[in-house]
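Okay, so here's the structure we're looking at.
We did not get these values from a lab; they are worked out from the coordinates using the rules stated. Predicted model, so just to flag it, every value in this text is computed and none were measured. Don't worry about glycine lacking a Cβ; one is built from the backbone with ideal geometry, like all the others, and counts go over all protein chains shown.
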Amino acid sequence: MPAILYSFRRCPYAMRARLALAASQTPVLLREIILKHKPAEMLALSPKGTVPVLQLETGEVLEESLDIMLWALRRADPLGWLNTNPQDSQQWITRNDQEFKPYLDKYKYAVRFPEQSPESYRQQGEIFIADIERQLQQTPYILGQQQSLADMAILPFIRQFASVDLSWFEQTPYPKTQAWLKQFIDSALFRSIMKKYPTWLDSQLQFDFPEIPHK
């Protein structure tokens, strides 16, 4: 049996995993979940209860999105996402996960965090956006002339940040970041990983993923 991926369509961490699995054409069985009703089978594998969770054919469990990305891309990396300095990639991804993501959450769910205004959280998140903009003014992608692990690990979170108030984001002085994000959202790869599936807990249906090869 192929590896089994527990995923939630809109979660940016799960998007990361699906992007790498699709790019590498690594076959898994996808089980779509909802976070309010987590399957006991997933919790038995990963008690922390977050997605993505990947159970390998060997029984080994990968429960961090970046670990799943690296596992898939080390099997096959036809788009060359690993063709950059791993330390440089890790620095950008760590900033995204540890510095930017907390402000993204507070901005998106500001009603839960009344200590500051949504605009204040947004401004703090913008520090990272501005650094991306400065980098993209120098090179088409974060680490150079082609997409890399850093781009694909960070883009789902930038998409979420932009979507909180899209009209505001579209008017910001970040044209390179806007174009970088648009290219990602318009790509066949992204569209393919955002297909909607019935939830596994309700339907007991799991799906072959990825479905088709991607250029």
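Overview of values
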{"quantity": "Too-long pairs where the Cα-Cα distance tops 29 Å, listed order kept, from Lys48/Lys182; Lys38/Lys182; Lys108/Lys195", "calculated": "Lys48/Lys182; Lys38/Lys182"}
{"quantity": "Estimated [θ] at 222 nm from DSSP helical runs (n ≥ 4, -39500 (n - 2.57)) normalised by residues in the chain, nearest 500", "calculated": "-15000 deg cm²/dmol"}
{"quantity": "Translational D in µm²/s for the stretch 80-154 (Stokes-Einstein at 25 °C, 0.890 mPa s, Kirkwood Rh from C-alpha pairs)", "calculated": "185"}
{"quantity": "Square roots of five times the Cα gyration tensor eigenvalues for the stretch 97-136, Å", "calculated": "21, 10, 6"}
{"quantity": "Listed candidates (1) 0.96; (2) 0.94; (3) 0.99 - label of the one calculated as Rg/Rh (Cα atoms, Kirkwood Rh)", "calculated": "(1)"}
{"quantity": "Spin-label pair His37/Ser167, simplified geometry with 7 Å Cα→Cβ offset, distance in nm", "calculated": "3.5"}
{"quantity": "Restricting the stretch 48-137 to trypsin sites (Lys or Arg not before Pro) in coil, as DSSP defines it, with at most 13 other Cβ within 10 Å", "calculated": "Lys48"}
{"quantity": "Cα→Cβ-extended label distance, 7 Å offset, between Ser120 and Leu56, nm", "calculated": "4.5"}
{"quantity": "Whole-angstrom Cα spans of the stretch 11-89 along principal axes, big to small", "calculated": "38, 25, 18"}
{"quantity": "Local net charge near Tyr174, Cβ-Cβ under 9 Å (Lys/Arg +1, Asp/Glu -1)", "calculated": "-1"}
{"quantity": "Extended-chain gain in nm, criterion 0.36 nm per residue less alpha-carbon gap, Asp77 and Gln204", "calculated": "42.6 nm"}
{"quantity": "Loop-resident sites, the stretch 63-132, for chymotrypsin sites (Phe, Trp or Tyr not before Pro), counting at most 12 other Cβ within 10 Å (DSSP)", "calculated": "Tyr109"}
